[in-house]
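The values are calculated or read from the model by the stated rules, or taken from the named source; none is laboratory data. Note that the coordinates shown come from a computational prediction; the quantities given were computed from them, not determined experimentally. Quick reminder, even Gly has a Cβ in these numbers, built from the backbone with ideal geometry, and neighbours come from all protein chains shown.
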Amino acid sequence: MDGHSPATLGPVNLRVQFIFSFVPTLTAVAFFVAFLCVVVGSPLSGQEFRIGFVGGTPITSNFVRSTSVYPGDTVNPPSIWTAESGARSFIAGLSLEALISSRFSIEGNVLHRDLWAKQIYTLNPGSTAASTTTNQFVASTTWEFPVLFKYTIGANRWRPFVDGGVSFRSLERTGSPGPSRHGFTGGAGVAIEFGRIQLTPQLRYTRWAQSESNGFYDVKKDQLEFLTGISYRMPTAMRMGNQRITVGAVGGARLNETLMGTPYRLAKRAFGGVSLDVNIRRRLSIEADGIYKPIGTAGYSVLTWEFPVLLKYHWGVGGARLFSEAGPSFRASGNLQGSIPPSNFGFTGGVGIEKRAKHLLVAPALRYTRWSEGRGYRGSSGSTLYNPNSLDLVFGISF
């Protein structure tokens, strides 16, 4: 199933299917964020970060307007069919900002946004028998993941800032083809301090890569929006008792196919998420990740969150610091749309190398996961199974 036809789904069914399609994804996100807050929310010392909420509205419309005119014939009357943007939807999500210095920081957001579209069908235009039908529907439900480098000016209560970086976009409900998956983002705003609370109204612009076109609903590449964030400054989880704790980001790419038995090769997919590492002893630590990783084809994806919990052993060879890791992995899935969900449990192992660059610790690794079973997948044609073997190139950055 590549998408939803507005002619067959009414507004009520759209809302119901929308809710159930991403409940598992939201549950996974909420669980990991709650876990992170509980662990790092206690009085700790060290480098600080901000966690909060972001909301706003788009200023630009979602789609390029297109019109198709049918002159009519001896059987069918003339008609005009127009496709354009629908209502502007509310943008909402979470933010996490690591404060590198008094002026520099890195901010990551997880933003939910519906792309509303509108159909206008006019029969017998220009005549007394003319009739017009209008239908609005959600053409695509998206999650946006901007990762921005932020520079703040001044030291007063009102502090202007500029930010810029890359944005990634995943699709929970969309027709085929859908919006592009990556772009570049920049913005400017002002940070207003109220003790540990910070309010950040800003204008943000994103230039998305060229998306494929289905001839009717072409997503605009230029996106301008007004956002306001509210965040709370707290120390990063550097110590809890005698254990050192670090928070970071993890990303990478699959090195093998996600499906087996499909009649065509699937595009390699990037993934990303957050990580938490607790140092137990000098050479031992435990790392827990929350990784967003879609499975499927270019036009349809089952959305998954993976949660590996890994015991890591560190050792030095010459001037390099190496590590090996192993442990269980858990997986939550959503946006199934009739597909059988992938397995929920597996075992992960990997090896990598660590390199510290001032305030950052960079750790590339090769990671293999064996999932408990390869279930059937009905999102594409042919006899297709989820691949139980996953080989990933992973890059971790911690603060």
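One table, with the values for the structure above:
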{"read-out": "Subset of region 62-80 [closer than 24 Å to Val219 by Cα, hydrophobic (A, V, I, L, M, F, W, C) and without any contact (Cβ under 8 Å) to a residue 40 or more places away in the chain]", "value": "Val69"}
{"read-out": "Qualifying residue in region 336-349 (condition: of a type in the set (A, V, I, L, M), in contact with a strand residue (DSSP E or B) (Cβ under 7 Å, 6 or more places away or on another chain) and at pLDDT below 90)", "value": "yes"}
{"read-out": "Residues of region 186-219 classified as at negative phi and at pLDDT below 85, total", "value": "10"}
{"read-out": "Only listed residue being out of contact with any helix residue (DSSP H, G or I) (no Cβ under 6 Å at 6 or more places or on another chain), basic (Lys, Arg), at pLDDT 80 or above and farther than 20 Å from Arg281 by Cα, chosen from Arg370, Arg356", "value": "Arg370"}
{"read-out": "Top-ranked residue of region 268-289 - restricted to ones that are hydrophobic (A, V, I, L, M, F, W, C) and either assigned to a loop (DSSP other than H, G, I, E, B) or surrounded by 18 or more Cβ atoms within 10 Å (Cβ to Cβ) (or both), ranked as farthest from the chain's Cα centre (by Cα)", "value": "Ile280"}
{"read-out": "Residue in region 53-75 that is farthest from Val138 (Cα to Cα), counting only those that are loosely packed, with under 14 Cβ neighbours inside 10 Å and aliphatic (A, V, I, L, M)", "value": "Val75"}
{"read-out": "Count of region 66-109 residues which are under 27 Å from the mean Cα position of the chain (by Cα) and in a loop (DSSP other than H, G, I, E, B)", "value": "8"}
{"read-out": "Residue that is surrounded by the most Cβ atoms within 10 Å (Cβ to Cβ) [pool: residues in region 139-155 that are in contact with a Gly (Cβ under 8 Å, 6 or more places away or on another chain) and among the small types (Gly, Ala, Ser)]", "value": "Ala139"}
